[in-house]
């Protein structure tokens, strides 16, 4: 850890050391606690827990250690960097006229749903105003109902699970990234439009994450006479190897591999195993496991005729990003306020920055220091061109059933980064 980094302000990263029981007092929905702003006595709304006249506290549970620690840490670091800069400039002006600094409390769940739930319980005990941004479908699902029961907003989470964008089922929730079905469908549509015959092998994570990608892909190729799924297997998120599945899928003769996988080391080993058995299909990878630096380069991605993924944001690894004034400011903030060394290898650092910028839009519009006012403001953002989003992609939180970002572009790996793929091949 680089201990020379300065000006961390009030931002704090808290490792999960123990699980504490929920305090009896201060856990009522929307109620005040000793750390809240309280009733000003002038008829103003009573402040929710986690917000005072000078600060607001946000909680993030994400895998900060373990096999998904790379993207997991990025979900925290982008927000830390963004709000670190804002705090250093004096804070953010809220819609009620108060200027507040933003404190982040981060908790490690190691991609374990039970730890994620325990982390949320700790957040309630710690008095956070809202929680979210963290990575993972099973981990975010683990505390969704508890967040609803406690009246704590669970927002801009980095899961493409459509449940988090269903306003009836998840009234306190909002997803950030496009739903998995959209990503799968985008690739399926590109493949089907190629006009050429293709055989597809599928390997997916055996949960809602994998199911969503496969569902979107299959719906998009339904009725396409040129596409045939010839083999389909699954793996568990706890597996340490998928060599057996790769060997079986290679025997199918498929020229396209649809790999709905979320575990970084398994993606790398899959790329390597496919080459070992002499299987060189075109690949589709989810956006969160398609990093050129962290995954494709060590996995030997250049050996394949094409690796495709989807994106809605710029890449910090691209030269144009690093040469732009905005990109330089981003990288300087990441260096100043986080323990990231050099350019972040995962897109989640940029996504987290986008999430933080979106939160600032909500803060600026909330007229009362309450969770209800925050949710109303957050769910009213439309057409916001957040930093680093690709042209044509905007933040829109007003559509039931859709996350904050719902536009994606298919891109093809070019050996160093990605370029827009207007056609397959």
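Among the residues of region 373-425, write down those that are assigned to a strand (DSSP E or B) and surrounded by fewer than 17 Cβ atoms within 10 Å (Cβ to Cβ).
Quick first cut of region 373-425, residues assigned to a strand (DSSP E or B) only: 384, 389, 395, 409-413, 418-420.
Within region 373-425, 384, 419, 420 qualify.
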For region 170-182, what are the residues that are under 27 Å from residue 284 (Cβ atoms) and part of a strand (DSSP E or B)? 174, 175
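Pick from 354, 381, 334, 307: which is modelled with pLDDT of 95 or more and not assigned by TED's automatic domain parsing to the domain that holds residue 102? Walk me through it before giving the result.
Working: 354 fails: not assigned by TED's automatic domain parsing to the domain that holds residue 102; 381 fails: not assigned by TED's automatic domain parsing to the domain that holds residue 102; 334 fails: not assigned by TED's automatic domain parsing to the domain that holds residue 102.
307 is the lone residue from the list that is modelled with pLDDT of 95 or more and not assigned by TED's automatic domain parsing to the domain that holds residue 102.
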Looking for whichever is surrounded by fewer than 24 Cβ atoms within 10 Å (Cβ to Cβ) and either at pLDDT 95 or above or closer than 23 Å to residue 346 by Cα (or both) here; the options are 50, 90. Which one fits? 90
Which listed residue, of 212, 160, is assigned to a loop (DSSP other than H, G, I, E, B), buried (at least 24 other Cβ atoms within 10 Å of the Cβ) and touching a helix residue (DSSP H, G or I) at 6+ places or on another chain (Cβ under 7 Å): 160
Out of the residues in region 187-203 meeting the condition of being buried (at least 23 other Cβ atoms within 10 Å of the Cβ) and in contact (Cβ under 8 Å) with a residue 60 or more places away in the chain, tell me which one is nearest to residue 256 (Cα to Cα). 201
Within the bounds of region 348-363, is there any residue that is under 19 Å from the mean Cα position of the chain (by Cα) and part of a loop (DSSP other than H, G, I, E, B)? no
What number of residues within region 271-314 are surrounded by fewer than 23 Cβ atoms within 10 Å (Cβ to Cβ) and assigned to a loop (DSSP other than H, G, I, E, B)? 9
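Each row is one residue, and each column tells you yes or no for (1) under 20 Å from the mean Cα position of the chain (by Cα); (2) assigned by TED's automatic domain parsing to the domain that holds residue 240; (3) not in a helix (DSSP H, G or I).
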| residue | (1), (2), (3) |
| --- | --- |
| 119 | yes, no, no |
| 139 | yes, no, no |
| 147 | yes, no, no |
| 168 | no, no, yes |
| 184 | yes, yes, no |
| 187 | yes, yes, no |
| 195 | no, yes, yes |
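State whether one or more residues within region 45-59 are under 15 Å from the mean Cα position of the chain (by Cα), outside any loop (DSSP other than H, G, I, E, B) and either in the same structural domain as residue 377 (by TED's automatic domain parsing) or touching a residue at least 60 places away in the same chain (Cβ under 8 Å) (or both). Steps first, answer last, please.
Quick first cut of region 45-59, residues under 15 Å from the mean Cα position of the chain (by Cα) only: 59.
In the following step, the residues that additionally are outside any loop (DSSP other than H, G, I, E, B) were identified as 59.
The next check asks that each one be either in the same structural domain as residue 377 (by TED's automatic domain parsing) or touching a residue at least 60 places away in the same chain (Cβ under 8 Å) (or both); those that pass are 59.
Yes: region 45-59 contains one or more residues that are under 15 Å from the mean Cα position of the chain (by Cα), outside any loop (DSSP other than H, G, I, E, B) and either in the same structural domain as residue 377 (by TED's automatic domain parsing) or touching a residue at least 60 places away in the same chain (Cβ under 8 Å) (or both).
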Mind checking which residues of region 243-263 are within 26 Å of the chain's Cα centre (by Cα) and surrounded by 24 or more Cβ atoms within 10 Å (Cβ to Cβ)? 257, 258, 259, 260, 262
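I'd like the full set of residues that are surrounded by fewer than 20 Cβ atoms within 10 Å (Cβ to Cβ) and in contact with a helix residue (DSSP H, G or I) (Cβ under 8 Å, 6 or more places away or on another chain), limited to region 116-137. Give the steps one after another, and end with the answer.
The initial filter retains those residues of region 116-137 that are surrounded by fewer than 20 Cβ atoms within 10 Å (Cβ to Cβ), namely 121, 125-126.
Within region 116-137, just 121 meets the criteria.
Assigned to a strand (DSSP E or B) and in contact with a helix residue (DSSP H, G or I) (Cβ under 8 Å, 6 or more places away or on another chain): does that describe residue 107?
Details: assigned to a strand (DSSP E or B): yes; in contact with a helix residue (DSSP H, G or I) (Cβ under 8 Å, 6 or more places away or on another chain): yes.
It is true that residue 107 is assigned to a strand (DSSP E or B) and in contact with a helix residue (DSSP H, G or I) (Cβ under 8 Å, 6 or more places away or on another chain).
The values are calculated or read from the model by the stated rules, or taken from the named source; none is laboratory data. Since this is a predicted model, take the numbers as computed values, not measurements. Note: ideal-geometry Cβ built from the backbone for every residue, glycine included; neighbour counts use all protein chains shown.
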